Amino acid sequence: MSEARDRLLDTATRLFYAEGIHTVGIDRIIAEAGIAKATFYRHFKTKEDLVVAYLTREYARQRGNLEAVPEQGVEGIVAIFETLSELSRGPGFRGCPFLNAAVEFPKPDHAVRQVVDEYRAWFRDLMAERLRAAGHEDVEDAARALLLTRDGVTISGAVGDSETVRAGVRTALSQLSIRR
């Protein structure tokens with residue numbers, strides 16, 4: 001990846017996450033990245049291509065972080081949710097970049113939504129893998145419930161409701177016979 005492309009993605013990531021995708025224009029990204037317009041279009045044909053690249057990079061980052069949690073089974077799920085809970089209560093947290101993007105791109109067949117769907121399927125599969133390792137009886141439903149909990153944690157964190165984040169994680173884990 002070129003240095004200019006990295007700067008574009010870094011700038012887009014910062015602005016898209018902080019302000020929303022549709023509110024940030026290409027000209028602003030180009031100006032803040034300190035590149036020429038021609039350089040932008042050499043790397044990305046459209047703003048939507050940039051959005052897909054932003055989400056794809058975020059997916060890889062989150063996947064790397066969450067798959068690196070060394071604990072397996074129940075301990076791994078608890079560690080992942082403790083991490084998500086802490087992050088969602090931290091400064092500058094504006095919610096899940098994937099859910100935020102899904103709201104801005106409502107058509108299910110859009111390329112942005114495809115990245116969102118891939119991320120969510122991966123998270124659900126990660127939970128299913130950890131549940132299987134724990135010997136859970138109803139892996140598929142439990143994995144979906146954990147995905148839903150993850151979504152709720154990020155939304156509650158985005159609106160600054162840390163008590164609901166804590167309560168949601170505790171309740172979800174206890175309902176799945178996972179003690180925290």
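Annotations for the structure displayed:
- Probe 1.4 Å, all protein chains present, accessible-area order of THR23, THR11, largest first: THR23, THR11
- Here r is the Cβ-Cβ distance between GLU140 and GLU163 and R0 is 35 Å; the resulting FRET efficiency, rounded to 0.05, is 0.70.
- For Rg and Dmax of the Cα atoms in Å, the value calculated from this model appears in (1) 21.0, 66; (2) 16.5, 58; (3) 17.8, 56 under label (3).
- Rg of the Cα atoms in region 50-118, relative to 2.2 N^0.38 Å, amounts to 1.24.
- Acute angle (nearest 10 degrees) that the helix 162-175 long axis makes with the longest principal axis of the chain, alpha-carbon atoms: 50
- Taking trypsin sites (Lys or Arg not before Pro) across region 21-97, the ones in a DSSP loop with at most 12 further Cβ atoms lying within 10 angstrom of their Cβ are LYS45.
- Just the protein heavy atoms count here, and of the accessible area of region 32-91 at 1.4 Å, carbon and sulfur take up 53 percent.
- Compared with the dominant principal axis of the Cα atoms in the chain, helix 73-88 is inclined by about 50°.
- In this structure, GLU48 and ALA68 have a Cβ-Cβ separation that, at R0 = 25 Å, corresponds to a calculated FRET efficiency of about 0.25.
- Cα lying deepest toward the dipole's positive end in the chain, options ALA36, ALA53, THR23, charges on Cβ: ALA36
- Among ASP27, ASP151, the order of accessible area from largest down is ASP27, ASP151, computed with a 1.4 Å probe on protein heavy atoms.
- Computed helical MRE - 222 nm, the chain, DSSP H runs ≥ 4 contributing -39500 (n - 2.57), nearest 500: -24500 deg cm²/dmol
- Residue-count net charge about ILE26 - beta-carbon cut-off 12 Å; Lys, Arg +1, Asp, Glu -1: 0
- Distance (nanometres) between label positions extended 7 Å along Cα→Cβ at ALA18 and ARG94: 0.8
- Rounded if a/c under 1.5, otherwise prolate or oblate - region 89-180, Cα gyration tensor axes: oblate
- Solvent-accessible surface (1.4 Å probe) assigned to GLU71 amounts to roughly 70 Å².
- Against the chain, whose longest principal axis comes from its Cα atoms, helix 3-19 is set at around 60 degrees.
- Net length available on complete extension from THR56 to THR83 is 7.6 nm, with 0.36 nm assigned per residue and the Cα-Cα distance removed.
- For the chain, averaging the sequence separation of C-alpha pairs within contact (under 8 Å, six or more residues apart) and dividing by the residue count gives a relative contact order of 22 percent.
The values are calculated or read from the model by the stated rules, or taken from the named source; none is laboratory data. For clarity, every value in this text was computed on a predicted model and none was experimentally measured. All Cβ positions, glycine included, derive from the backbone under ideal geometry; neighbour counts span all protein chains shown. Only protein heavy atoms, including side chains, enter the accessible area calculation; ligands, DNA and RNA are left aside. Shrake-Rupley method; radii C 1.70, N 1.55, O 1.52, S 1.80 Å.
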